[in-house]
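Accompanying notes for the structure given below.
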Amino acid sequence: MALRNIVCEGDEILKKKCREVTDIDDRVRTILDDMIETMRDKEGVGIAAPQVGILRKMFVIEPEEGELLEFINPVIIEEKGSQESDEGCLSVPGLVGTMDRPEFIKVEAYDRTGEKVIHEATGFKAIVIRHELDHLEGILFIDNAKEVREASGEEEQEEEQNKKKSKNKS
């Protein structure tokens, strides 16, 4: 495994639509491993392939410690409801935006073994999944946020507290 450089806002790769993964092979599994290591190193809860410079439809999330999920060629099956969230992004450091996200999301994808999986999520996990799905379409949260602002020390502390709460649940 290796840490990957995170592509930041302003780089055109973040605005491009990703292509499907055609073969789930050792190369793809290595990329997933690298993405996991990079996400954890940067204390993120999700990271998509374009954020590490790869235009392929895949991302990983860890909304709670020990709840690692991998998505290859994800497709939204269903979205319901609405919730407001304040979001940040590893590719947009120092900014936070207020977003409307679905309360419930159901996604079909493949895992690292090539098995088809269906993930259903509500609350924070649904927010994280939808955020990463946007990356695969070349959309950053700042493109659709109601409000974008600099992350204050208070917001960063609140985000850290939410991560700790999530870790304590497992």
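The values are calculated or read from the model by the stated rules, or taken from the named source; none is laboratory data. In this text, all values refer to a predicted model and were calculated from it rather than measured experimentally. Cβ placement follows ideal geometry from the backbone for every residue including glycine, while neighbour counts extend to all protein chains displayed.
Here are the numbers for this structure:
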| read-out | value |
| --- | --- |
| Verdict on K42 being of a type outside the set (A, V, I, L, M) and under 16 Å from G88 (Cα atoms) | yes |
| Among (1) free of Cβ contacts under 8 Å to residues at least 60 places away in the same chain; (2) closer than 24 Å to R149 by Cβ; (3) touching a Pro at 6+ places or on another chain (Cβ under 6 Å), the one test that V45 misses | (1) |
| Residue that is among the β-branched types (V, I, T), part of a helix (DSSP H, G or I) and in contact with a helix residue (DSSP H, G or I) (Cβ under 9 Å, 6 or more places away or on another chain), where the choices are I54, I6, I36, I13 | I13 |
| The stretch 110-135, subset under 14 Å from the mean Cα position of the chain (by Cα) and in contact (Cβ under 8 Å) with a residue 60 or more places away in the chain, residue nearest to Q51 (Cα to Cα) | H135 |
| Boolean, M1 is at pLDDT 95 or above and of a type in the set (A, V, I, L, M) | no |
| The stretch 16-26, residues that are among the charged types (D, E, K, R) and either surrounded by 10 or more Cβ atoms within 10 Å (Cβ to Cβ) or not in a helix (DSSP H, G or I) (or both) | K16, K17, R19, E20, D23, D25 |
| Residue count for the stretch 68-107, restricted to those that are among the charged types (D, E, K, R), surrounded by fewer than 18 Cβ atoms within 10 Å (Cβ to Cβ) and touching a Lys or Arg at 6+ places or on another chain (Cβ under 8 Å) | 5 |
| Filter result for T38 (in contact (Cβ under 8 Å) with a residue 12 or more places away in the chain, surrounded by fewer than 17 Cβ atoms within 10 Å (Cβ to Cβ) and not small (G, A, S)) | no |
| Residue that is nearest to D111 (Cα to Cα), among those in the stretch 56-67 that are surrounded by fewer than 24 Cβ atoms within 10 Å (Cβ to Cβ) and touching a Gly at 6+ places or on another chain (Cβ under 9 Å) | E62 |
